[in-house]
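Nothing in this text is a laboratory measurement; each read-out follows from the coordinates by a stated rule. Keep in mind the model is a prediction, meaning the values are calculated, not measured. Cβ placement follows ideal geometry from the backbone for every residue including glycine, while neighbour counts extend to all protein chains displayed.
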Ligand code: PEP
């Protein structure tokens with residue numbers, strides 16, 4: 001058996017591509033601290049038949065750590081991948097409560113959300129730590145979803161681009177250029193997360209287009225390939241206009257991902273190209 005790290009995106013990406021510039025649409029549900037293992041199992045049992053006929057969308061659910069193994073087993077062989085919500089940058093050590101990239105990869109977790117604004121705000125996840133986490137995840141074969149986004153104050157002060165530039169440049173700093181296309185980036189304006197205040201299509205396109213330009217400053221070809229998601233109160237009734245934006249390749253969905261019907265509906269919208 002090869003010990004060469006495999007790329008989770010290569011393993012899981014369906015062959016058909018239908019988003020902008022040939023990028024495969026990507027819909028991820030971030031459950032945060034919701035669902036017991038039994039509830040997670042019920043969810044996946046309801047979701048899998050619902051999305052069985054969907055082609056050409058990378059579908060991801062991010063349950064709490066305890067439900068990872070159960071969902072990996074239940075979703076095995078389906079088009080749904082299971083990602084973690086965070087991980088530590090060290091390989092091992094005295095970091096009570098933390099989980100490493102190798103531990104996630106060992107149980108066939110496909111990727112990991114990194115730098116979610118809640119992790120940054122409540123658990124002190126820093127840009128410096130993220131700089132180490134992204135390459136660590138990739139080396140272990142995990143697809144990282146790097147979250148970036150501005151607060152309402154920053155937007156009002158005209159600081160959105162400065163904030164995005166800082167977070168994207170810091171987060172991608174140590175990712176080798178050849179692996180940049182495997183990174184998924186989620187633009188999540190913090191004022192839109194869990195508030196019901198979705199960014200307008202103009203705001204979303206402007207910010208996501210800016211993030212793509214930032215990736216281009218690292219590597220032009222990678223910027224064409226990297227998937228950039230919108231996140232922040234994305235729901236079945238606003239997903240179509242967001243998914244139709246030229247630079248938006250999918251969504252990171254919080255609240256609306258807790259219901260298999262609503263999450264499945266967003267996946268179907270992505271499959272239709274918004
Ligand atoms: C999130 O937390 O990543 C998120 C997008 O949440 P919501 O969809 O509930 O705004």
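Some notes on this structure:
- In this structure, residue 237 and residue 200 have a Cβ-Cβ separation that, at R0 = 22 Å, corresponds to a calculated FRET efficiency of about 0.95.
- Segments 182-188, 155-161, 86-92 sorted - mean Cβ within 10 Å per residue, highest first: 182-188, 86-92, 155-161
- When shorter helices are ignored and each DSSP H run of at least 4 residues is given -39500 (n - 2.57), the per-residue value for the chain at 222 nm works out to -12000 deg cm²/dmol.
- Convex hull volume per residue, computed on the Cα atoms of segment 87-139, equals 81 Å³.
- Between residue 102 and residue 169, the modelled label-to-label distance comes to 3.4 nm, taking each label 7 Å out from Cα in the direction of the beta carbon.
- Overall, the anisotropy analysis places segment 23-112 in the prolate class: the square-rooted eigenvalues a ≥ b ≥ c of its C-alpha gyration tensor yield a/c not less than 1.5, with a/b exceeding b/c.
- Distance from the C-alpha centroid of segment 258-274 to that of segment 59-127: 23 Å, rounded to the whole angstrom.
- For the Cα trace of the chain, dividing Rg by the Kirkwood Rh returns an Rg/Rh value of 0.93.
- Volume of the convex hull of segment 100-219 (Cα atoms only), normalised per residue: 111 Å³.
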